[in-house]
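Written below as structure tokens is the structure these notes are about.
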Amino acid sequence: MIGRKRILRVVAVLSVAVAAGELVETLRPTVATARLEAAVSVGQPELTAAIGTPGNSLPGSASLDDGTGDGLPRLTGITPVAATAEGRGPQACDVALGLTAAAGAMIDLALSAPCHRGERVVIRHSGLSFTAVTPPEGQLRLQIPALEADALVAAYFDGSEMTLATVSVPDAAAHVRFGVQMHLPAQFDLRAEENGQVFSGSSGGRTADGGLRKIALLGTAKVAQPLLAQVYTLPADDPSSADLTVELRITPETCGRTLPVETILARGGKVTLATLAVEVPLCGTSGDILLLKNLLRDLTLAAPR
């Protein structure tokens, strides 16, 4: 009888030990998560960092599946975040964005994304947005016009992964830039007429006056939900001399629809954004051109001084 009691006690002790071990294993993720969350602090409300499972490094509202970036706050700064992570070995998939100021108040962009080869990416800068595709080697290089002297550029992948960087472009204040951006299937062409000379996006971004006046074509249509932009640059001393119009082609995909047209004006280091609701004529007029006029004049009157 005594021997049986001892056996029962031993079994009881082992049962308690096993249960305690299972409890510790259950609580480990919770404790680790609490410690990690306690180690992260964010100082600015405009830009936050989310802790979650892999593939969910941004809140759900930051998804760019439609290419618009709706719901995203305007990025105004970078907040340092303290955290620790285990090394991922030589096959690391870190995404890095490098920016360099170039002549003509342009920005040379170098995006390294070794694990996002041939993927869609959205580039955003001060309201300007367009789609690009990473090359097979995962190294994307392109040039974009600086809209602000303290330029912040972000790159978003479809899986909500993002990276951003800043660069100082003092020459940005010496230029006036007007941009138009739309989603396909809209087909548009930004045209600028000055002293009898006409510059257009369809001419391949023709330049004049030593490159002071030019139209930059941004974005690629070879992705899902493409977003294209055209940006015209002119000297800051006399922007009123330019007559800017947008030619919107009427196609079977756009006729009878109301299309959003986003415009951007960068002047004196400040950016003004506007969205126009353009009603395209009914079908039966395919091949015709809808002309949008007085764009720069209206934005100039509304721009802050």
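For segment 112-221, what's the relative contact order in percent, using C-alpha pairs closer than 8 Å and at least 6 residues apart?
RCO, segment 112-221: 21 percent.
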Charge dipole (segment 137-289, unit charges on Cβ, about Cα centre) - positive-most of Thr272, Gln187, Leu140: Leu140
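Compute the length gained on full extension between Leu217 and Ser168: take 0.36 nm times their separation in residues and subtract their Cα-Cα distance, giving the result in nm to one decimal.
15.4 nm
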Gain on full stretching of the segment that runs from Gln225 to Leu142 - 0.36 nm per residue minus C-alpha separation: 27.9 nm
For segment 94-302, alpha-carbon Rg and Dmax in angstrom: 17.2, 51
Separation of the Leu276 and Thr258 label points, Cα + 7 Å toward Cβ, nm: 1.6 nm
Relative contact order %, segment 94-302, counting alpha carbon pairs below 8 Å whose residues are six or more apart: 19 percent
Residue-wise HN-Hα coupling along segment 251-261, computed from phi with Karplus coefficients 6.51, -1.76, 1.60 (Hz; x: Gly, Pro): 10, x, 7, 10, 5, x, 10, 9, 9, x, 10
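Taken together, the values in this text are just the output of simple stated rules run on the coordinates, not laboratory data. Quantities reported herein were computed from a predicted structural model and do not represent experimental measurements. In this analysis, Cβ positions are derived from the backbone assuming ideal geometry, glycine residues included, and neighbour counts consider all displayed protein chains.
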